[in-house]
Every structure is written in structure tokens, then in C-alpha cells.
Amino acid sequence: MFDKILIANRGEIACRVIETAKRLGVATVAVYSEADAQARHVALADEAVAIGGPAPKDSYLRGAAIIAAALESGAQAIHPGYGFLSENPDFVEAVEAAGLTFIGPSARAIWAMGLKDAAKALMEEAGVPVVPGYRGADQDPARLEAAAGEIGYPVLIKAVAGGGGKGMRLVERPEAFADHLASAQAEAESAFGNSAVLIEKFISNPRHIEMQVFGDGTTAVHLFERDCSLQRRHQKVIEEAPAPGMTPQMRAAMGQAATRAAQAIGYAGAGTVEFIVDGTDGLRPDRFWFMEMNTRLQVEHPVTEAITGVDLVEWQLRVAAGEGLPLAQDQLAISGHAFEARLYAEDVPAGFLPATGTLSHLVFAPGCRADTGVRTGDVISPFYDPMIAKIITHGPSRAVALGQLARALETTQVAGTVTNLAFLARLARHPGFARGQVDTGLIGREIEALSAPLATPPAAQALAVIAASGLWEGAADGFALWTPLRRPVDLFDQAALTVRGPDEITVEIAGQRYDCVRHPDGWRVEGAKTGAAMHLAPGHVTIFMGGGAHSFEIPDPFARGAAAESSDLTLAPMPGLVRQVFVREGQSVRAGDRLAIMEAMKMEHTLCATRDGVIAEVLAREGAQVEAGAALIRLEEDT
Ligand code: ADP
């Protein structure tokens, strides 16, 4: 086994690799970009080396800098994670030329699978079923269109250098072929610098089922299948293992095809053979075709780990260090069922726009596996994929594991950015999905219902008023101000609250009253348990309730202060502590002079005189806790 390895990646996968290395007693070296200096993977590793600017091309794609970091730190091997340099054969060669071990397949194996057309030709030779199609070098549009006609519509145009669904177009009728071809070629050229395409039969009722394989360079085993049919625009959203409806015959046929594929290229390490399956009449051994092989560890590998009990990263390290395969095929078995959902910072109702933000609050559901590269306080930056975490559940049956997933998604708390949690939770509760009726078109067909904005229950608004007023923990002793007094709250139009007792508050929003009572098990609104949790940060309050995060912007207290300029009273703009008072009664002040400093949510706010005048009364003492809207200082005209 290695003494020390370098991880040429970031985010959750870097953390994932470091965790296994630690368990095996292997020291770890992280690399990081300027944007990641405080990142979780840097904190977890034993050593960390800065390799450049935030853009991937300036850091995580700088193979030479990464190899230099490995040599300097005395690492013996490099784990590439996924993405970045993980499937770059030139990088593999450079790593080996430097006398280091690449934890993954040979450059030759990556080359063999790198281009979709060549890989398919190779697989056909090895006797692996391949989707009927045209994979010729002749890229003349007329030739391609003729090929589409021979294959029979609908067809799929795919970039030979493709990945991530880029350069891929579904063509349903011959009239539309030319336009789709032009746009696929343009997209392929700009994404991969290679406009070549192939034409494939479009499989109806398509399901994406892939086999996890593991090779030692000579032989290979498979660790069963994953079903990744829940996709949005060819991107995986929720994955599971095993595949619903899988039969022993089909699994045996797919497993054999996958190991044959791996052995045909002398594969070493973890790999995935992706198949497209026609699910029209259930799963049948003659209805699956090779799509491509990914020569790396996949994002969704944890579902395989859950059902097999194998740590795939451990296998990667052991095989790269020269050990044989840790288990033989007949020692591998499936136990239970597992799901993985990809939690992203993205604005779903706005069309799944990637989002950024500071994660002011991040709490995963207990009992699930959450693979993450971020912690509370970390930033989702615009430089990288906005993944927050992968949520993985494992149960004795599919129904149990899916119920656990839905529950985990509904109770994960994220504040500081928008997320796809509500979308994922709706998918996990989808009745068709629950019945195992999965195909790659499911999300597209139901996109409107799945991505509709989350309705905000009135109780969440009422609780937001309480939280934003600093009264979530109840009206604390120090307040003793809970004589019934109706006071406006600047959160919603016409919102107000009346504190009726230490644990009882009436909230009014637009004329509607909500009786809120704090119990040991949380707030009840109109007598109903809410199970709500909250997070308060400068500028926003989030109520987690009923499986959703309801975020409300708190209006800028200083904007409000400006509106109240004519008033003689300086009010506390937010609940907090009066840290310092600079004035005394009778003192003359000029507009802009400092009157007091308040501290709230770990931030200081200076309150200034809005006009010239004389201090008539100082109503707050230093060190006092005050509520939002409390009168602090009264000014009068200079006479
Ligand atoms: P990429 O490498 O760009 O991700 P893939 O070839 O892996 O592209 O295909 C991505 C997805 O597109 C598959 O998971 C599947 O949903 C769909 N797909 C690919 N080929 C076909 C096909 N022949 N028929 C129907 N759907 C397909």
C-alpha cells in the first residue's frame, strides 16, 4: 500500500477519497485553487498545495503543476477523482513518466474508450451488443442523413467526443435532420473542438442501466448494476441499485458483456459500462446495448458501495498498489436497495439555473450518507459545479430505501442559496417512480409539476415573523416586555405581532391572525404542530417546514431608518444587543453623528442621528437586549 497519495481534485470526491485513505493509514495531499483555500478537502487532507487561480484551466487542469506538487510532497500516487484530468490519457502518461502511479486505468484503456465511435467499434468486435447506428468517418451531411434514413427514425445524433449530453440531438422526422445536425455539430465543435458525430437508433422507453466493473489489468469482475434512468436533459438526477425489475438472466447477460468490455481493453481499476435498455416489455436480455465506458470512478458509485458493502476507493488504492482483486465474482452479492440524489445549488423554477451563495446553514438528515465537499459557512462559487452533496440511503427493500430518501430530502436544511431539494423530494414521492416505472423521459414529461415553486404555508410566514423579530426562542426573561402590545414587523405587508406570554405570540399578516405557541417540541400554529426549524442570517430568515425551505428577505433596516427620517425616535432596526451608547441627555448632535452601536447576528450596526437636534431621552442602556422596533433614543428640536 502507498504511504502517501495526492488527490488531483476538489469538492465531495476529494473528501471521499481522503476519508478512505485515512482509514487505510495512507497520508493525503490535497491541491487547491485560490477559490478553494478554505475548502473542506483542504481541511481534511494532511497537506495541501496551492496550484493556481480559480478557473479550472488555471489550477485543477494543470497537470504539470499537480505532478510537481506530488513529487515535492513525496506522494507516490495520484488519485484523479472524476471530471478534470480523470480521463485524460496524456495526464496518465505524464504521471507515469514522472515515476508516480496513476490510480486508475492505463492511458491505452482511456484512449480506447475516449471516442464514442471507436469504443463502439471495439465493443462490437468483443461481442458486446451495440446500438444500431452509423459510426463512419465520412461526415458529409448527405451521407449522415442517408444513414439516418437506413437506421429508421427516430434517431439520435451524438458527438463522437461527447459527454454530459452535449452535442446530442433527438431527430424524430427526416425534415428536421439537417437543422439538428448543424446545431449538434456546432455545439460539439465549441464544447470538444471536434464536430464529428455518429447517428444511432433512438431507443424507445429508454432506460439507462450501467454496470460497475473492476479490473486488475487482466481479469475483471462486475459489482452489479445501477439504474440512472431519472435524468433531466441527459443528466443523472437520482440513481439507484439494483435496477427495478432486473431479472437474474438480464443481470447475468449485462454483467458478462460489461466484464468482457473491461477485459477487452486490459482494464485496471474502477470503471462503468453504460448501456441503453429498451424497457418497453420489462427488462429482457436481448434489449440492452453498449453506449460507452467511463474509465473512472463515477459520481453515483456510493449506491453500489451500499448494496455490496465494498469501498470502491479502497479497491482502487489496493489494485493500484499492486494487489489483486479483493473479491472474486462469486464472493460478491447484493444486499438491499440504495438510492442517491444529487443536491445542487440551483434555481429550479427559473429553469434549473445554477446558483451561488454562502451556505449560512447546512444540516443533513440523520441516518443517511451525505457525501459533501462543503460545510456551513462555505461558498458555492461560480467557478465549479454547484453540487452541495450527494444524499445516499440504503434499506432492506426498494420501498424502504426510497421512503428514507424522500424523508432525508425533506429534512435536509440548507440556507444561503436556493437548492433543488423540493424538486428531488417530489421525485422521490412520485407514484410512478415508486412503482419502479422509470425511463429517461419521466422528468421531462412531468417537469412542470416537479419544478413548480414551493407554496409557502401561512404558518411558515407567521413563524418567519417570530424568527425575524428575535423571538424564536420565546420572549426571554430579559425582555419582560411581554405586556400585550401590538407592534408592526417589517417583513410582510401589514405584518404585526403581539407577545402574549413567554411562549405565546399572536402574529397578524394582512388582517389574518395566527396564534403561535412554543412547546418543548417546537412551535405550534393555530394548535397544529409544525416541526419547523429556522435559520436567521443578516438579510434573510429561513423556515424549514413540511419538507421545504421557505426563505424570506428581511428588508434592510437602514432603508427603513431612512423612511422614518422625520421621526424624533431612533428605533432598534433589528433584535439585538445595545453595545455602546455615545450620547447623553441634553447633548446637541448633528445629522450623521453616531448615537449608538447595536450588535445582532454577530454584526455591528451603527445608528446615527438623522437630523440635527438635542438628545431629549436615552431609552436604552448599554448591554441591554432589545427587540426590533424598540425606541432607543429620542431627539428634540434645538430651541
Ligand atoms: P453523454 O456522454 O453526452 O452523457 P451518452 O451517450 O452517455 O451521452 O448518453 C446520455 C443519455 O442519453 C443516456 O443516459 C440516455 O438517457 C440517452 N441516450 C443515449 N443514447 C440513446 C439512444 N440510442 N436512445 C435513447 N436514448 C439514448
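Taken together, the values in this text are just the output of simple stated rules run on the coordinates, not laboratory data. Just so it is clear, the model here is predicted, and its values are computed rather than measured. Neighbour counts run over all protein chains shown; Cβ positions are idealised from the backbone, glycine included.
Using the Cβ of residue 583 as centre and a radius below 10 Å, the other residues enclosed give a net charge of 0, where K and R count +1 and D and E count -1. Ranked by how many other Cβ atoms sit within 10 Å of their own Cβ, fewest first, the residues 96, 410 fall in the order 96, 410.
Taking amide H as placed 1.01 Å from N in the peptide plane, residue 292 has its amide H under 5 Å from the amide H of 274, each at least 5 places away in sequence or on another chain.
Report the relative contact order of the chain, percent, no decimals, based on alpha-carbon pairs under 8 angstrom and at least 6 residues apart.
Working: 1456 pairs, mean separation 55.6, N = 639.
Taking the mean separation of contacting Cα pairs over the length of the chain, I get 9 percent.
Projecting the Cα atoms of 517, 551, 488 onto the charge dipole of segment 458-553, computed from C-beta unit charges around the Cα centre, puts 517 farthest toward the positive end. Scaling the Cα radius of gyration of segment 4-103 by the globular reference 2.2 N^0.38 Å produces a ratio of 0.94.
What order do you get for 359, 85 when you list them from fewest to most C-beta neighbours inside 10 Å? Write down the numbers at each step before the final one.
Numbers: 359 20, 85 24.
Going from least to most buried by this count: 359, 85.
Over segment 207-450, the pair-distance histogram of Cα-Cα distances with 5 Å bins from zero comes to 1, 6, 14, 17, 18, 16, 13, 8, 5, 1, 0 percent, rounded to whole numbers. Using every pair of separate Cα atoms, the Kirkwood estimate puts the hydrodynamic radius of the chain at 27.8 angstrom.
Amide H contacts of residue 224 (H built 1.01 Å from N, in plane; Pro and chain starts excluded): 212 sit under 5 Å, all sequence-distant by 5 or more or on other chains.
Using only side-chain charges placed at the Cβ, +1 for Lys and Arg and -1 for Asp and Glu, the dipole size of segment 207-450 relative to its Cα centre rounds to 380 debye.
Sites listed here are trypsin sites (Lys or Arg not before Pro) in segment 357-397 whose DSSP assignment is loop and whose Cβ has at most 13 other Cβ atoms within 10 Å: 375. Placing unit charges on the Cβ atoms of the charged side chains and taking the dipole of the chain about its Cα centre, the candidate lying farthest along the positive direction among 291, 507, 343 is 291.
For the pair segment 170-218 and segment 363-396, the centres of their Cα atoms are 30 angstrom apart.
Taking the Cβ of residue 594 as the centre, find all other residues whose Cβ is under 15 Å away and add up their charges (Lys, Arg: +1; Asp, Glu: -1).
Values: positive: 579, 584, 590, 611; negative: 593, 599, 604, 612, 622.
Once all neighbours under 15 Å are counted, the net charge is -1.
Among 22/236; 120/166; 4/116; 166/236; 158/390, which pairs are too far apart, with a Cα-Cα distance over 24 Å? Show your work: numbers first, answer last.
On the way: 22/236 30 Å; 120/166 18 Å; 4/116 35 Å; 166/236 14 Å; 158/390 28 Å.
Exceeds cut-off: 22/236; 4/116; 158/390.
Counting neighbouring beta carbons within 10 Å and listing from fewest to most, the residues 582, 544 come out as 582, 544. Taken about its Cα centre, segment 4-103 carries a charge dipole of about 280 debye when Lys and Arg each add +1 at the Cβ and Asp and Glu each add -1 at the Cβ. Taken about its Cα centre, segment 139-189 carries a charge dipole of roughly 180 debye when the Cβ of each Lys and Arg holds +1 and the Cβ of each Asp and Glu holds -1.
With the convex hull of the Cα atoms taken as the outline of segment 458-553, the averaged projected area works out to 5.7 nm². Our coupling estimate for segment 622-629, obtained by passing each phi through the Karplus curve with A = 6.51, B = -1.76, C = 1.60 and θ = phi - 60°, is 4, x, 7, 8, 10, 8, 4, x Hz, Gly and Pro reported as x.
Note down the net charge around residue 548, summing +1 for each Lys or Arg and -1 for each Asp or Glu among other residues with Cβ under 12 Å from its Cβ.
Numbers: positive: 426; negative: 410.
Once positives and negatives cancel, what remains is 0.
Which one, 363, 277, 255, projects farthest toward the positive side of the charge dipole computed for segment 229-371 from Cβ point charges (K/R +1, D/E -1)? Sorting the options by dipole projection puts first 277.
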